[in-house]
Amino acid sequence: MTLRTGLLATAATAMALPALADVNIYTTRQPELIQPVIDAFTAETGIEVNLAFVSEGLVERLKAEGARSPADLVMTVDIANLQQIVDAGVIQPVESEVLTSAIPAELRSPENLWFALTTRARIVYASKERVAEGEVTTYEDLADPKWQGRICTRSGLHDYNLALVAAMIAHHGEDYARDWATAVKANLARKPEGNDRAQVRAIWAGECDISLGNTYYMGEMLADPEQVPWAESVNIVFPTFEGEGTHINVSGVALTQSAPNKEEAIQLMEFLVSPEAQGIYAKANNEYPVLEGAPLSDLVASWGPFVADTIDLTTVAGHRAEALKIMEQVNYDG
Ligand code: FE
C-alpha cells in the first residue's frame, strides 16, 4: 500500500506557478485507480493535480485543517463515507448542469453535495459446481432455509453489508430487515471472517456455496495468480430486491467548503463525468460508469446487463444507523 504524503509540499510549490492553480485531492482510494484519469485531465487542461492518499481519518483531518485545508476535492467509496463527510460540514454544493445531466438523480446528493462517479453492484458469487442456474433469485430469498449452511459473508458490520441492510430497511422496514438478518445469520456456513474475496476462497474450498461480494473483486481476483482459481470456481449472479433491482454502491467526489482552487476543481469534477474520463475511471477498477453509454471494461461487460435498484442512496445512508443496530442486535458476527 503506497502512502503519498507529498501534497503539502507540492501545494506550496504550486503557488509559484503563474498560470493555472493545482487541484488538490484527498482520496481514500488507491492512487493507482485514480491516476490514469487524472493524467488525462492534466493532458487536456494543463492543470496539475496532487493526490494525497488518506487511508484513515479523512473526516477528522478535514475538520482539523478547517479553512486552512489545501484539499479542494475529496474522493471516497461507499455512500456512508460520502454522507459522513457531508454531515461533518466540510463540503460545499456544486451547481453544475454538466454534473446533474450526466449523473442520475439517485446517484448524487439532492443538495448537490456529493456526486457518484462509478457504481459497483453487491452481488452473489455462486459456486459453479453446487449452485444451479436460477437458484439465486432475490436478497430476500437468502433468508430461506434452503441456504442453511451454504452462505459465507464478511462481517455484518462492514460498510458494504450495512448499506445492503440499510437498503433492505428502506424497502421493507426495520422489523423485516431484523428478521432477514437473523435468518441469513442462521444460514451462514461459518462465522463472518475476512474480506469479500475470502468468501469466494471459501466457496472454492468447499466451505460454502454462495457469498455476497462487490462486483469489482472478480477483476481483482483474476489479476492475482493465487486467486484466479477462486474466481474461476464461481459465477456472478445479480440478485434483486423483490420486484426491484440489484443493490449498488458508489465511489464519489465532493468539493470542500474551503477549496482554494474551486474553479479548477469544478472543472475536474465535470471532466470526471465526460465519456472519456468515465471509461478510463470505471475500467481502472472494473466498476460501472455513472454516465449512460460510457464504455465498460471487457470483463464487466462479460457479466451481462442488470437492473440497478433505483432507491436513492441518500435514503440508504439515512438508514445506516438502524442497520448497524440490527446487525449488533442479531449478533451477526458472533
Ligand atoms: Fe472494496
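The values are calculated or read from the model by the stated rules, or taken from the named source; none is laboratory data. All values derive from a computational prediction rather than experimental measurement. Glycine also receives a Cβ, built like all others from the backbone with ideal geometry; neighbour counts cover every protein chain displayed. To get the accessible areas, we keep the full protein, side chains included, count just its heavy atoms, and leave off ligands, DNA and RNA. Shrake-Rupley method; radii C 1.70, N 1.55, O 1.52, S 1.80 Å.
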Hey, can you tell me all the residues within the stretch 45-76 that are in contact (Cβ under 8 Å) with a residue 12 or more places away in the chain, under 22 Å from the mean Cα position of the chain (by Cα) and open to solvent by 30 Å² or more (accessible area, probe 1.4 Å)? SER55, ARG61
Restricting attention to helices (runs of 4 or more DSSP H) lying wholly within the stretch 189-301, give those where 3 or more residues are within 16 Å of the ligand (Cβ to nearest atom) and within 30 Å of THR315 (Cα to Cα). 196-204, 216-222, 275-284
Go through (1) of a type in the set (Ser, Thr, Tyr); (2) surrounded by 18 or more Cβ atoms within 10 Å (Cβ to Cβ); (3) modelled with pLDDT under 95 for THR310 and report which single condition fails. (2)
Could you say which residue among PRO225, PRO239 is open to solvent by 60 Å² or more (accessible area, probe 1.4 Å) and of a type outside the set (S, T, N, Q)? PRO225
ALA163 - would you say it is surrounded by 15 or more Cβ atoms within 10 Å (Cβ to Cβ) and either in a strand (DSSP E or B) or within 16 Å of the ligand (Cβ to nearest atom) (or both)? yes
